[in-house]
Amino acid sequence: MPERVHAAVIERELEWFYRTLETRLRLHFNQETSHRSIADLPPPELNGDPGAYARLVAEHDFCPSERLVLALALAPHLRPALLDPLF
């Protein structure tokens with residue numbers, strides 16, 4: 001499978017992480033948001049993806065919180081600007 005497909009899966013996961021982070025910060029600081037909780041932002045579907053990332057998530061049955069932690073660990077290496085709202 002082309003690397004672009006695997007990269008797209010991780011990119012969707014990082015985008016979900018960013019939306020979740022942004023929503024959580026807005027909720028914490030009582031700013032306007034269309035979500036009442038970060039639980040309103042489900043993780044992207046990975047069903048059927050044969051890539052290593054999707055297999056890891058499926059094999060270990062990661063819940064959304066665990067997927068967020070994994071995305072947080074990947075973010076500084078793949079898209080460090082995602083963490084800019086924290087600084």
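The values are calculated or read from the model by the stated rules, or taken from the named source; none is laboratory data. Everything numeric in this text was worked out from a predicted model, so none of it was measured. A quick note on method: Cβ atoms are made from the backbone with ideal geometry, for glycine too, and the neighbour counts reach across all protein chains shown.
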Which residues, counting only those in the stretch 46-62, are assigned to a loop (DSSP other than H, G, I, E, B), modelled with pLDDT under 95, on the phi < 0 side of the Ramachandran plot and out of contact with any helix residue (DSSP H, G or I) (no Cβ under 6 Å at 6 or more places or on another chain)? Asn47, Pro50
Hey, Cys63 hits all of (1) under 12 Å from the mean Cα position of the chain (by Cα); (2) closer than 20 Å to Ala81 by Cβ but one; which does it fall short on? (2)
Out of the stretch 13-32, which residues are surrounded by 15 or more Cβ atoms within 10 Å (Cβ to Cβ) and either in a loop (DSSP other than H, G, I, E, B) or polar (S, T, N, Q) (or both)? Thr20, Thr23
Can you report the number of residues in the stretch 45-55 which are surrounded by 13 or more Cβ atoms within 10 Å (Cβ to Cβ) and not aromatic (Phe, Trp, Tyr)? 4
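Only one residue in Ala75, Ala81 is loosely packed, with under 10 Cβ neighbours inside 10 Å, out of contact with any Lys or Arg (no Cβ under 8 Å at 6 or more places or on another chain), at pLDDT 95 or above and small (Gly, Ala, Ser), so which one is that?
Details: Ala75 fails: loosely packed, with under 10 Cβ neighbours inside 10 Å.
Of the residues listed, the single one that is loosely packed, with under 10 Cβ neighbours inside 10 Å, out of contact with any Lys or Arg (no Cβ under 8 Å at 6 or more places or on another chain), at pLDDT 95 or above and small (Gly, Ala, Ser) is Ala81.
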Consider Ser37 carefully, then state whether it is polar (S, T, N, Q), modelled with pLDDT of 95 or more and within 10 Å of the chain's Cα centre (by Cα). no
Would you be able to say whether some residue in the stretch 64-71 is of a type in the set (Asp, Glu), modelled with pLDDT of 95 or more and surrounded by 14 or more Cβ atoms within 10 Å (Cβ to Cβ)? no
